[in-house]
1. Consider R93 carefully, then state whether it is more than 13 Å from the chain's Cα centre (by Cα) and closer than 17 Å to I163 by Cβ.
2. Mind checking which residues of region 46-58 are of a type in the set (V, I, T) and either crowded, with 19+ Cβ neighbours inside 10 Å or under 14 Å from F18 (Cα atoms) (or both)?
3. Which residue pairs have Cβ atoms closer than 6 Å, lie 6 or more positions apart in sequence or on different chains, and pair a first residue in region 108-131 that is of a type in the set (F, W, Y) with a second residue that is surrounded by 13 or more Cβ atoms within 10 Å (Cβ to Cβ) and assigned to a helix (DSSP H, G or I)?
4. Failed condition for Q26, given (1) within 25 Å of A156 (Cα to Cα); (2) surrounded by 14 or more Cβ atoms within 10 Å (Cβ to Cβ); (3) in contact (Cβ under 8 Å) with a residue 40 or more places away in the chain, with all others met?
5. When you go through (1) more than 21 Å from L153 (Cβ to Cβ); (2) of a type in the set (D, E, K, R); (3) touching an Asp or Glu at 6+ places or on another chain (Cβ under 9 Å) one by one for D34, which number turns out not to apply?
6. Does at least one position in region 117-129 carry a residue that is within 25 Å of H170 (Cα to Cα), at pLDDT below 95, touching a helix residue (DSSP H, G or I) at 6+ places or on another chain (Cβ under 9 Å) and surrounded by 15 or more Cβ atoms within 10 Å (Cβ to Cβ)?
7. What single numbered condition from (1) closer than 20 Å to N66 by Cα; (2) under 16 Å from the mean Cα position of the chain (by Cα) fails to hold for I117?
8. Hey, can you tell me all the residues within region 40-68 that are closer than 28 Å to V177 by Cα and part of a loop (DSSP other than H, G, I, E, B)?
Amino acid sequence: MDIFQAFNTTTLREGVLFYYSGYMSQNVIGAMGDTLRHRLEAQGTKGAITRKVFSTFVEMAQNILNYGADADRAEGRQQYSQGGVAIGQVGERFYIICGNHIDRAHLERVRAKLEAIRAMSPEEIKQAYKQQLRNDEHDDEDELSKGAGLGFLTVARDASEPIEFCFIEHELPAEKVGFYLKAVI
């Protein structure tokens with residue numbers, strides 16, 4: 001009970017509106033999305049901000065589901081993957097943070113994509129997004145990405161400041177790395 005009380009106190013102090021940690025599936029993401037949308041509407045969040053928070057949440061949750069190292073992708077069964085998502089508010093700004101394990105083999109590929117995006121101006125991010133929408137050769141260039149490479153660009157485009165990320169390598173099996181991503185709207 002002490003651990004839960006400390007967790008609850010911390011989430012209230014940090015402005016956490018929604019937190020989930022566990023297995024993700026399309027059904028879980030859909031239920032979380034409905035809850036998030038209702039929570040934002042209930043507190044009177046403006047439409048454009050609600051759209052950006054919701055869009056960022058969906059992109060991050062889909063990344064956990066599609067690229068998590070803990071995913072169960074058995075043929076013919078619903079896909080599951082472990083991870084966590086937190087959505088909070090400090091003043092007028094919202095933050096969305098996600099975390100999950102990725103295969104160590106993908107660490108440098110993910111880092112390179114995110115570092116390139118962090119180096120872009122907001123206008124360059126918008127241009128890269130538009131260019132990627134028209135990129136018919138994406139599947140040939142990146143066989144691992146399921147979303148035409150738009151996910152991180154979508155998150156960065158909607159963010160009001162540069163996205164943040166980190167990799168945590170301790171306390172995990174050698175073939176996995178903890179991956180955390182944060183966006184502020």
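1. On the way: more than 13 Å from the chain's Cα centre (by Cα): yes; closer than 17 Å to I163 by Cβ: yes.
Answer is yes for this residue.
2. Pass one, region 46-58, residues of a type in the set (V, I, T): 49-50, 53, 56, 58.
Of everything in region 46-58, those that are of a type in the set (V, I, T) and either crowded, with 19+ Cβ neighbours inside 10 Å or under 14 Å from F18 (Cα atoms) (or both) turn out to be T50, V53, T56, V58.
3. From residues that are of a type in the set (F, W, Y), the pairs are Y129/L153; Y129/R157.
4. For Q26, the failing item is (2).
5. For D34, the failing item is (3).
6. For region 117-129, residues within 25 Å of H170 (Cα to Cα), at pLDDT below 95, touching a helix residue (DSSP H, G or I) at 6+ places or on another chain (Cβ under 9 Å) and surrounded by 15 or more Cβ atoms within 10 Å (Cβ to Cβ): absent.
7. (1) is the only condition that I117 fails.
8. If the condition is that a residue be closer than 28 Å to V177 by Cα and part of a loop (DSSP other than H, G, I, E, B), then G68 is the only one that fits.
The values are calculated or read from the model by the stated rules, or taken from the named source; none is laboratory data. Not measured: the values here are computed from a predicted model. No Cβ is skipped: glycine too gets one built from the backbone with ideal geometry, and neighbour counts run over all protein chains shown.
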